[in-house]
1. Just to be sure, is I60 without any contact (Cβ under 8 Å) to a residue 40 or more places away in the chain, of a type in the set (V, I, T) and under 21 Å from H163 (Cα atoms)?
2. Within region 103-117, how many residues are touching a residue at least 60 places away in the same chain (Cβ under 8 Å) and either open to solvent by less than 70 Å² (accessible area, probe 1.4 Å) or in contact with a Gly (Cβ under 8 Å, 6 or more places away or on another chain) (or both)?
3. Kindly check whether there is at least one residue in region 127-136 that is surrounded by fewer than 16 Cβ atoms within 10 Å (Cβ to Cβ), within 23 Å of P25 (Cβ to Cβ) and either out of contact with any helix residue (DSSP H, G or I) (no Cβ under 6 Å at 6 or more places or on another chain) or at pLDDT 95 or above (or both).
4. Name the residues in region 93-149 that are under 18 Å from the mean Cα position of the chain (by Cα) and basic (K, R), would you?
5. Limited to region 35-86, what total is found for residues that are open to solvent by 70 Å² or more (accessible area, probe 1.4 Å) and not basic (K, R)?
6. With in a helix (DSSP H, G or I) and either modelled with pLDDT under 95 or under 18 Å from E32 (Cβ atoms) (or both) as the only criterion, which of P89, P142 stands out?
7. So if I check each of I16, I39, which one is modelled with pLDDT under 95 and under 23 Å from G162 (Cα atoms)?
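The values are calculated or read from the model by the stated rules, or taken from the named source; none is laboratory data. Quick caveat: nothing in here was measured; it's all calculated off a predicted structure. Every residue, glycine among them, receives a Cβ derived from its backbone with ideal geometry; neighbour counts consider all protein chains shown. Note: accessible area is taken over every heavy atom of the protein model, side chains too, but ligands, DNA and RNA are not part of it. Shrake-Rupley method; radii C 1.70, N 1.55, O 1.52, S 1.80 Å.
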Amino acid sequence: MKLKMTLLAASLITSIAGVAKAEDPAKLNDLEIAHVAYIADNIDIRYAHLALAISTNPEIHTFAQTMIRDHTAVNEQALALLAKLDAQPQDNFLSQSLNENAEKLITEMSALRGAEFDKFYAENELAYHKAVNNLVENAFIPNIENAEVKALFEAGLDIFKGHEGHAEMMVKAVN
């Protein structure tokens, strides 16, 4: 089971790597990058709501509530900035791939209960934050042209690296 969870938790990384071979995330424009970030935040919010509905573990609940709070706040800041810039995020290959993989993971997680769910959720959150943080740090931030958008991504990355550390602790706690 642990192998299955690890493989599924890493599906985002595989997805990003697989998509990266076909198309280059570093070549997305600022509005496409904004869409990917918005989708990634919403996916993590969905995972968190699922965790609150299924898990009874207080550590999982605390982490999930943090995900909802922080990812919602970043999305609100991003939408406010886009409104200020009179711009709309643009759908793209990567945001579509993230959504497709999220649906698969949500289906898998929805079938789990108890410690099995908690381990899967924790491991998925760690893998998800590692993959997204790497993408943001190495492909997006260096290529964002608008200074305000870049600053928002840099601030978000600091928050999400904290999430990665919190997820590492959560994985240890549930194993």
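1. Numbers: without any contact (Cβ under 8 Å) to a residue 40 or more places away in the chain: no; of a type in the set (V, I, T): yes; under 21 Å from H163 (Cα atoms): yes.
Spelling it out, it is not the case that I60 is without any contact (Cβ under 8 Å) to a residue 40 or more places away in the chain, of a type in the set (V, I, T) and under 21 Å from H163 (Cα atoms).
2. Within region 103-117, the first condition is being touching a residue at least 60 places away in the same chain (Cβ under 8 Å), and the residues that meet it are 104-106, 108-110, 116-117.
Those left that are additionally either open to solvent by less than 70 Å² (accessible area, probe 1.4 Å) or in contact with a Gly (Cβ under 8 Å, 6 or more places away or on another chain) (or both): 105-106, 108-110, 117.
Going through region 103-117 one residue at a time, the tally reaches 6.
3. Looking only at region 127-136, we keep the residues that are surrounded by fewer than 16 Cβ atoms within 10 Å (Cβ to Cβ), and these are 134.
Now narrow it down to the ones that are within 23 Å of P25 (Cβ to Cβ): 134.
Right, trim to either out of contact with any helix residue (DSSP H, G or I) (no Cβ under 6 Å at 6 or more places or on another chain) or at pLDDT 95 or above (or both) and you get 134.
Yes, region 127-136 contains a residue that is surrounded by fewer than 16 Cβ atoms within 10 Å (Cβ to Cβ), within 23 Å of P25 (Cβ to Cβ) and either out of contact with any helix residue (DSSP H, G or I) (no Cβ under 6 Å at 6 or more places or on another chain) or at pLDDT 95 or above (or both).
4. K104, K119, K130
5. Going residue by residue through region 35-86, those that are open to solvent by 70 Å² or more (accessible area, probe 1.4 Å) are 38, 46, 49, 53, 56, 58-59, 62, 65, 69, 76-77, 79, 83-84, 86.
Then keep just the ones that are not basic (K, R); that gives 38, 49, 53, 56, 58-59, 62, 65, 76-77, 79, 83, 86.
The number of residues fulfilling the criteria is 13.
6. Details: P89 fails: in a helix (DSSP H, G or I).
P142 is the lone residue from the list that is in a helix (DSSP H, G or I) and either modelled with pLDDT under 95 or under 18 Å from E32 (Cβ atoms) (or both).
7. Values: I39 fails: modelled with pLDDT under 95.
Unique residue meeting the criteria: I16.
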